[in-house]
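What follows is one structure encoded as structure tokens, with my remarks underneath.
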Amino acid sequence: MNIVVCVKQTADTAAAVTVENGKVSWGDVPMILNPWDEYAVEEALRIKEAHGGKVTALSLGPENATDALKLTLAMGCDEGILVSDPAFAGADSLVVSKIIAAVIDKIGDVDLVCFGRGSVDSDTGVTGSQVARRMGWPVLNLVSEITDLDPDGKTLSVERMLDESRQRVRASMPIVLSVVKEINEPRYPSFMGIRKASKAEIPLWSKDDVGLDEVPQSAVSWPEIFAPPKIETEVEMIEGDTPEQKAVKLADRLLEEKVI
Amino acid sequence: MANKIFVYIDHFEGRVVPASLEALGVGREMAKTIGGGVSAVVLGQNIDDIVQQAGEYGTDEVHKGDDTALKDYRGEAYASVLSAVAADADVLLFPTTGRTRELAGLVAVDLETGIIPDVIDYEFDGSSVLATRPVYAGKLLTKVVCAESRPQILTLRSRAFFKPEADSGHSAEIVDIGVDIGDMATEVIGYGESQAGVSLTDAAIIVSGGRGVSNNASLESPADISDEAEQEIWRAQQGFKLIQELADVLSAAVGASRAAVDANYIAYDNQVGQTGKVVSPDLYIAAGISGAIQHLAGMRTSKTIVAINKDADAPIFKLARFGIVGDLFDVLPPLTQALRERMGL
């Protein structure tokens with residue numbers, strides 16, 4: 001199995017994100033591997049452990065964004081590739097999918113591409129689908145379990161989380177999957193893994209390395225980014241001598257204020 | 001003249017996803033600015049009821065793709081049909097669901113155009129839609145525009161827009177789509193059990209539990225559970241029973257914090273927050289949830305928040321309209337009872 005797992009480096013979700021003059025800042029929290037992607041990395045590693053093969057972690061970002069890739073190597077990925085070029089700045093999902101599809105093409109003979117369900121920063125959750133479409137491959141998003149995988153017959157069966165129910169689907173490979181956190185429990189990197197990762201060189205692929213002569217124009221742009229209006233609430237603490245009194249008073253207040 | 005606004009109607013097992021109707025309302029509003037009518041697109045098999053419903057909610061035309069190959073939602077098949085139908089649209093709207101996030105992304109590639117997911121508000125900038133969407137799980141908002149490519153593809157977040165009134169007298173012109181789907185790389189085998197009760201993202205009221213639901217030391221777990229972790233889960237399940245009872249009285253959905261899900265108290269499907277579902281109900285009751293920043297990110301736009309927590313300093317009280325300092329095990333049963341009486345149940 002030749003597996004590619006696509007990851008993104010993001011700010012820690014504990015960050016109190018602020019914005020000033022259109023520039024986003026998340027204080028001094030560390031940059032981390034996008035939490036959703038940990039599950040994608042773990043699933044890719046489990047498939048490799050069960051069926052053999054290779055796992056390549058792939059990330060698109062600024063040229064210093066190697067921490068997330070180092071973590072994937074420490075977890076056990078065989079190789080990391082950072083795709084980075086000043087020409088990629090401001091790329092929307094349409095362009096990002098084109099770049100990633102070109103990289104996967106270049107890697108060659110890929111059976112399976114794993115994504116997390118989205119990134120916790122831009123939160124669009126569409127990149128995996130768009131990469132698949134560019135490759136002409138099927139995509140199954142929100143996979144909560146791979147129930148069966150036949151590396152020789154190049155088929156797999158999954159269960160995926162729709163809003164109302166789980167859908168069971170059989171599909172042929174190559175394929176793109178996005179996974180949800182229910183699928184597994186990501187491992188912690190081993191001491192040996194961390195040592196190996198700290199020494200690893202992460203190759204940087206520019207647009208020329210990717211084989212894109214020209215970076216297409218993004219279709220969408222985001223002219224404004226701003227803090228949401230502050231929610232002005234004055235909390236009304238419900239007092240009473242006993243929990244019952246408080247509960248009854250709350251019920252009355254909710255009805256008085258027509259909340260219910 | 002062909003209509004400029006297309007709305008994709010998402011449905012599952014014969015039921016229209018409510019946000020599809022909200023999308024129809026947005027489509028009608030947009031048509032007032034950019035002109036033309038509104039076309040709905042319904043794909044599936046045996047979908048006459050859904051087609052009719054789309055008509056009652058004020059579309060001028062419904063494109064109906066009724067075919068065995070479309071019986072189950074499959075991204076590749078649906079995208080091919082939809083991309084052909086909506087190729088000349090100016091705006092293509094979707095409700096936001098797991099299916100449509102995938103589908104909209106595929107169609108955007110087919111039509112080499114921009115996609116703006118999770119839209120919560122919009123205005124017009126000339127003839128382009130300037131859409132507002134949350135990023136960093138709602139900690140920030142961006143305004144996003146697809147200035148040149150068409151159609152502009154937007155998925156609209158559930159409950160961000162009003163559902164229009166139905167008019168049973170109104171009916172739309174039905175246009176049959178010739179569906180010709182060849183072999184597909186995917187095959188739907190079946191479905192698991194449907195989620196019981198109200199879906200979190202559509203719910204008008206949500207009652208959520210956090211780590212605090214297991215915090216009732218006076219509860220004795222049954223003798224046959226000796227493992228400490230399992231005892232904790234058992235206690236938590238008793239706590240979630242109280243939450244479920246309150247939810248039942250209010251016809252509400254049950255939510256949970258990440259802490260409760262990670263501790264295996266309740267399924268991941270119920271998780272609200274940055275790494276779960278982002279919700280925006282009229283009323284959000286948080287019981288035993290302290291209010292970690294990741295949780296607040298997933299529910300802060302709720303209209304009214306009620307917090308019940310033992311810790312008077314819990315951050316959740318800062319967002320709350322009403323607060324009770326107290327143990328959820330003591331407060332929820334009388335609250336459920338009081339509401340049941342007052343609502344005549």
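The values are calculated or read from the model by the stated rules, or taken from the named source; none is laboratory data. All figures in this text were calculated on a predicted structure; none of them were measured in a lab. As a convention, Cβ positions derive from the backbone with ideal geometry for all residues, glycine included, and neighbour counts pool all protein chains shown.
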Determine whether B:Arg159 is of a type in the set (Lys, Arg) and in the same structural domain as B:Lys310 (by TED's automatic domain parsing). no
Out of curiosity, is B:Lys64 under 17 Å from B:His170 (Cβ atoms), in the same structural domain as B:Ala172 (by TED's automatic domain parsing) and among the basic types (Lys, Arg)? yes
Given the residues B:Val254, B:Val213, B:Val261, B:Val249, which is the only one that is more than 8 Å from chain A (Cβ to nearest Cβ), closer than 30 Å to A:Val248 by Cβ and modelled with pLDDT under 95? B:Val213
From A:Pro189, A:Pro229, A:Pro223, which residue is over 23 Å from the mean Cα position of the chain (by Cα) and more than 8 Å from chain B (Cβ to nearest Cβ)? A:Pro229
Count - residues of the stretch A:225-251 that are farther than 17 Å from B:Asn309 by Cβ, modelled with pLDDT of 95 or more, of a type in the set (Asp, Glu) and surrounded by fewer than 14 Cβ atoms within 10 Å (Cβ to Cβ): 1
Identify all residues within the stretch B:155-189 that are among the polar types (S, T, N, Q) and in contact with a Gly (Cβ under 6 Å, 6 or more places away or on another chain); write none if there are none. B:Ser171
If we ask which residues in the stretch B:188-217 are over 19 Å from B:Leu250 (Cα atoms) and either without any contact (Cβ under 8 Å) to a residue 12 or more places away in the chain or basic (Lys, Arg) (or both), their number turns out to be 7
Over the stretch B:283-302, the set of residues at pLDDT 95 or above and within 8 Å of chain A (Cβ to nearest Cβ) is B:Leu283
Does B:Ala54 satisfy being modelled with pLDDT under 95, crowded, with 24+ Cβ neighbours inside 10 Å and within 23 Å of the chain's Cα centre (by Cα)? yes
Working only within the stretch A:198-238, note down all residues that are aromatic (Phe, Trp, Tyr) and either more than 20 Å from A:Glu79 (Cα to Cα) or in contact with an Asp or Glu (Cβ under 7 Å, 6 or more places away or on another chain) (or both). A:Trp222, A:Phe226
Residue check, A:Phe115 without any contact (Cβ under 8 Å) to a residue 12 or more places away in the chain and either in contact with a strand residue (DSSP E or B) (Cβ under 7 Å, 6 or more places away or on another chain) or under 27 Å from A:Asp12 (Cβ atoms) (or both): no
Can you tell me which of (1) outside any helix (DSSP H, G or I); (2) surrounded by fewer than 24 Cβ atoms within 10 Å (Cβ to Cβ) is the one A:Val113 doesn't meet? (2)
Could you figure out which of (1) facing chain A (nearest Cβ under 8 Å); (2) in contact (Cβ under 8 Å) with a residue 24 or more places away in the chain; (3) of a type in the set (Val, Ile, Thr) isn't true of B:Ile316? (1)
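Is there a residue being within 30 Å of A:Lys8 (Cβ to Cβ) and either in contact with a strand residue (DSSP E or B) (Cβ under 6 Å, 6 or more places away or on another chain) or basic (Lys, Arg) (or both) anywhere in the stretch B:157-177?
Yes: the stretch B:157-177 contains one or more residues that are within 30 Å of A:Lys8 (Cβ to Cβ) and either in contact with a strand residue (DSSP E or B) (Cβ under 6 Å, 6 or more places away or on another chain) or basic (Lys, Arg) (or both).
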Does the stretch A:91-99 include one or more residues that are of a type in the set (Lys, Arg), within 10 Å of chain B (Cβ to nearest Cβ) and touching a strand residue (DSSP E or B) at 6+ places or on another chain (Cβ under 6 Å)? no
The stretch A:118-173, residues that are part of a loop (DSSP other than H, G, I, E, B), touching a residue at least 60 places away in the same chain (Cβ under 8 Å) and more than 7 Å from chain B (Cβ to nearest Cβ): A:Gly118, A:Ser119, A:Pro151, A:Met173
State all residues of the stretch A:61-82 that are in contact with a Phe, Trp or Tyr (Cβ under 7 Å, 6 or more places away or on another chain) and either modelled with pLDDT under 95 or surrounded by 23 or more Cβ atoms within 10 Å (Cβ to Cβ) (or both); if no residue qualifies, say none. none
Of the residues B:Gly105, B:Gly126, B:Gly182, only one is touching a helix residue (DSSP H, G or I) at 6+ places or on another chain (Cβ under 7 Å) and either crowded, with 19+ Cβ neighbours inside 10 Å or more than 21 Å from A:Val131 (Cα to Cα) (or both); which? B:Gly105
Being over 24 Å from the mean Cα position of the chain (by Cα), assigned by TED's automatic domain parsing to the domain that holds B:Leu335 and under 19 Å from B:Gly138 (Cβ atoms) narrows it down to one of B:Lys277, B:Lys318, so name that one. B:Lys318
Is it true that A:Glu182 is under 30 Å from B:Ser194 (Cβ atoms), assigned to a helix (DSSP H, G or I) and out of contact with any His (no Cβ under 7 Å at 6 or more places or on another chain)? yes
Helices (runs of 4 or more DSSP H) contained entirely in the stretch B:1-115, each with at least 1 residues that are within 12 Å of chain A (Cβ to nearest Cβ): B:18-34, B:75-85, B:98-110
If you go through the stretch B:130-151 one residue at a time, do you hit one that is touching a helix residue (DSSP H, G or I) at 6+ places or on another chain (Cβ under 8 Å) and more than 9 Å from chain A (Cβ to nearest Cβ)? no
If you go through the stretch B:246-273, how many residues are surrounded by fewer than 17 Cβ atoms within 10 Å (Cβ to Cβ) and either in a strand (DSSP E or B) or outside the structural domain of B:Ile293 (by TED's automatic domain parsing) (or both)? 0
